[in-house]
Amino acid sequence: MTNSPSYPEKVLASYHSNEQGLTTKEVGARQQKFGPNELQAGKKNGLFRQIVHHLSDITSLVLLFAVLLSTYLAVSGAEKWSQPLIIGSILALNVFISIYQEKSAEKALSALKNMNVHETTVIRNGHRQTIEATDLVVGDLVVLTAGDHVPADGKLLTANNLTLNEAVLTGESEPVQKNAEPQAPTTEISQRFNEVFSGTGVVTGNGLMVISAIGMQTEIGSIATLLNTTKKQATPLQEKLTILSKHLTSVALLGGLLIFIIGFFFRGFDLSAGLIMGVSLAVAAVPETLPIIVTISLSYGVIKMAKKNAIMRRVNAVETVGSIDVIASDKTGTLTQNQMTVTKYWVPENLPADTSSVISPDSDEFQLMRFMGLATNAEIKEVDGQTVELGDSTELAILRWMEHAQTTRMDLEKEYPRLAEDPFDSTKKLMGTLHQTPSGKYLLIVKGAIDRLPFQATDKQKKEVKHINQQFAQDALRVLAVGYTLLDEKPAEPLDATKIPVKLAGLIGIIDPPRPAAISAIRKAKTAGITTLMITGDHPETAKAIAVQMGIATPADQVITGADLRQLSEDELQERAPTIKVYARVSPADKIRIVKAWQANGSTIAMTGDGVNDAPAIKAADVGIAMGKTGTDVAKEAADMILVDDNFETIVAAIEEGRTIYQNILKAVEFLIGVNFAQLFLMIFAVAMGWGSPLLAEQLLLINILADGIPGFYICREVAEGHQMRRAPISRHSSIFADGLAQRVFFRALVFTLLTLSIFSLGLFVLSNQNLAFARTMLFLVLALGSMLDIYVIKSRQPFSRQTLVENPPLNYGLAGTMLLVISLATVPGLREIFGFTALNGLAWLIVLCSIFIPGLLLELRKRLALRQDAKNAALK
Ligand code: ATP
């Protein structure tokens, strides 16, 4: 007699699959035929559209106007053709640079998206393995666990307490309970309880599905052409700089208008010359490169952070990362090695003992180990000659312990087959499994935190257990308890392990050593004014022992538990938050309160997490951080930053990078806006005095692009200055002009105004006989070269003598190239005339060569005085 196939077997057969999963060959064939499992992206803007987009910003429009006007003048023979050509080239160069920069920023971001791909666990060739979700094919068996994103549509083969959030498809935010039973076909998505759909998320439980549709054939594929569109939102700094740019643009336009009025009405410029001069001055004075520099700095930061294993999911967050002053970190795997080993065990009525290297089957240790092993889901196996570990690290420790008895979970399950499971979650901190015994009864095993286990005991026994637990915890061990009960009747499904009383089988103590690199990172964070908090589901004693070992807390510090936390009001917590470094036995819901309390105190807090329940706290934090290795998709989706290696020190490295980027942006502001004011003042003053225009329109534009724009871009690439992590964090709410930037910009503007005024009058009245071209040549060289050289003073907060000049080679090369170009334009016969320059005599050259160092020297002197003053202030504190 042949058995008729079960429901799961029938489902598998309909997709030409089986319990072992597909073979590599079948997968290959299906991939070739049906392509990758992905949703198609929408169209990108074409080049033409990008050009139009960039031509429509205010600077380009003003330049376009200048091109048209000068072309008209050239056609009518009133002016030279060189003018429209030069202004036109500058306009083209401006648009080209903008498009190029935007492209490189986009490239950085799309590289990020690739790093962000979802991974999924499949069964192929009879083995579990982790693959990228895009490689899935119809017929693949996919293991679903809480926190997973469902990677394709599928039919369920098993379901344990499996609930899913299907809001993306149905709008229903309540989780839907799923099962693996046959049901009548329906087109109503919300009624298809034995199916799961791509893009939805597993809220609780676990299950196994066979894929029925991938990519655009899925339900979500049929309704959405493009998902994952990351909205471009301005960062606070970008907003502040946009406002600053707007103010400066108004000043520039007013300046342009003023020079036109003075030139045309009072100094006899003709209309066209007056207009072009006004327009060019306005263009030169507008800091149009500023917003682009911020975008590039941020996207460059994204790349650098990714190299350090911190993947930013939102570019905006790069900036916030720099101002983090509190890191609330999970313990396991982030601060500790996540290499767990069972070192101690205890069974009732015995003394605690160290685990043995060889465990005999008749020992107490073996009995305890059997219960632990049966209630475990992790797996260690050989695949292609390599040992692969799958599952939770606490459970892997149990499996490694079982190796001492030369037994495996499979061996145990042969004798006691598993019938049902109540999966572990970090809120209830326990899990249960139900087994069939050889005698036909039901064995329920519950394993978890001792204070959550529903075990029956006398007060004396409870006291003893408490004592042993404390003893293990003080040695920094994670304590896991296991209990059991034999039942005649099968308990109701879904299984609820929190409700059925059990008999305590014993405790084990698991060591998870701190990561040495995390200890030094905690120290580094402290020097940088950043507080580290430890958040753990572990017992308070265990948590404290490790926190003290790692330098997070001192023995005198108090540890607060989730239960204590719940007794505190919002105000009380806010008040006490700064004194609490260790939070133990917390559940994910408590994490939000910790975040809010610190935020209410004005802090910028980073919070790590990995589980589904951590997502709200990750979202609430200023910088939400998800674990790359152990994190669930839901946690990653909610995060701003993903730690590829799950390591604490990566967070500190990212903060250092964030601080560097912020400083680089401020340096660019300092570099770009100081000289603009000097130009405006000089032009208006000289024209008003009747000296003629100190620079021609095209000369002004050349300075704008060669001496300001190009070097400005290189400043974004400045590497971290060591001292960045030796000072307190800068609040992201503080003004960009805090920290002395306003004074530095003012000083530089003043120096350049006085210098350029002196050079121009010297060239015009002393060194030549009112030869405008001669004075302009001198002025152009001093302004362009002097401003470029300043970058070496601006790029570092340290004295010039402490710089090595080798850490940013592109800046050196770029600057050398641009300087050569500036000198060539002003000196090469034939070329210089096109741009309105003329030959200089020896004395003029001597003056030019000496003057270009004056601003840098004065700036350096000012910096040293300021540093000395800072040191004095610090000493007085
Ligand atoms: P941390 O919060 O330090 O990163 P964690 O997230 O692993 O650690 P939880 O998972 O909440 O913390 O674990 C808390 C407690 O739950 C542990 O101390 C242990 O007693 C128990 N526990 C952990 N893992 C399991 C498991 N797989 N089965 C049963 N109980 C577990």
For a test of the definition: using alpha carbon positions, the gyration tensor, and the 1.5 limit on a/c, classify the chain as rounded, prolate or oblate. prolate
Work out the charge dipole of the stretch 341-511 with +1 on the Cβ of Lys and Arg and -1 on the Cβ of Asp and Glu about the Cα centre, then indicate which of LEU374, TRP346, SER363 is farthest towards its positive end. TRP346
Residue-ordered couplings for the stretch 667-681, obtained by feeding phi - 60° into the Karplus form 6.51 cos²θ - 1.76 cosθ + 1.60 and rounding to whole Hz (Gly and Pro as x), are 5, 5, 4, 4, 5, 7, 9, x, 6, 4, 5, 4, 4, 4, 4
Computed ³J(HN,Hα) along the stretch 622-636: with the Karplus parameters 6.51/-1.76/1.60, θ = phi - 60°, integer Hz and x for glycine or proline, the list is 5, 10, x, 10, 10, 7, x, 7, 9, x, 7, 4, 5, 5, 5
Can you tell me the orientation of helix 842-851 relative to the chain, as the angle in degrees between its alpha-carbon axis and the longest Cα principal axis, to the nearest 10? 30 degrees
Tell me the angle of helix 364-374 to the major Cα principal axis of the chain, expressed in degrees between 0 and 90 and rounded to the nearest ten. 60 degrees
Under the definition of Cα pairs under 8 Å and six or more residues apart, what whole-number percent is the relative contact order of the chain? 11 percent
What is the local net charge at ALA553, summed over the other residues whose Cβ is closer than 15 Å to its Cβ (Lys, Arg +1; Asp, Glu -1)? +3
Alpha carbon centre of the stretch 593-665 versus the stretch 518-583: separation in Å? 17 Å
Compute the signed sum of charges (Lys and Arg +1, Asp and Glu -1) over the other residues within less than 11 Å, Cβ to Cβ, of ALA773. +1
All lysines inside 28 Å of LYS33 as judged from Cα atoms, apart from same-chain residues fewer than 8 positions distant: LYS10, LYS25, LYS43, LYS44, LYS113, LYS155
With every protein chain kept in the model, how would you rank HIS539, HIS467 by accessible area, 1.4 Å probe, largest at the top? HIS467, HIS539
Rounded to the nearest 5, the percent of DSSP beta bridges in the chain running antiparallel is 75 percent
In Å², nearest 10: area of LYS447 left accessible to a 1.4 Å probe: 10 Å²
What whole-number value in Å² describes the accessible area per residue of the chain for a 1.4 Å probe? 44 Å²
Using helices alone, I'd like the mean residue ellipticity at 222 nm for the chain: each DSSP H run of four-plus residues gives -39500 (n - 2.57), total over residue count, nearest 500. -15000 deg cm²/dmol
Percent carbon-and-sulfur accessible area, the stretch 341-511, ignoring ligands, DNA and RNA, probe 1.4 Å: 50 percent
Relative contact order (percent) for the stretch 53-209, with alpha-carbon contacts under 8 angstrom and 6 or more residues of separation? 20 percent
Would you mind checking the tilt of helix 809-827 against the longest principal axis of the Cα atoms of the chain, expressed as 0 to 90 degrees and rounded to 10? 20 degrees
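For the ranges 782-789, 239-246, 15-22, what's the packing order if you count other beta-carbon atoms within 10 Å of each residue, average per peptide, and put the highest first?
782-789, 15-22, 239-246
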Taking 345-354, 310-319, 180-189 and ranking on average Cβ neighbours within 10 Å, highest first, one gets 310-319, 345-354, 180-189
Just to confirm my numbers, what's the Cα centroid distance between the stretch 128-206 and the stretch 283-333 in Å? 36 Å
What pairs from LYS240/LYS304; LYS246/LYS863; LYS344/LYS629 go past 26 Å between their alpha carbons? LYS246/LYS863; LYS344/LYS629
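The values are calculated or read from the model by the stated rules, or taken from the named source; none is laboratory data. Values in this document were obtained by computation on a predicted structure and should not be read as measured data. A quick note on method: Cβ atoms are made from the backbone with ideal geometry, for glycine too, and the neighbour counts reach across all protein chains shown. The accessibility values were calculated without ligands, DNA or RNA, using every heavy atom of the protein model including side chains. Shrake-Rupley method; radii C 1.70, N 1.55, O 1.52, S 1.80 Å.
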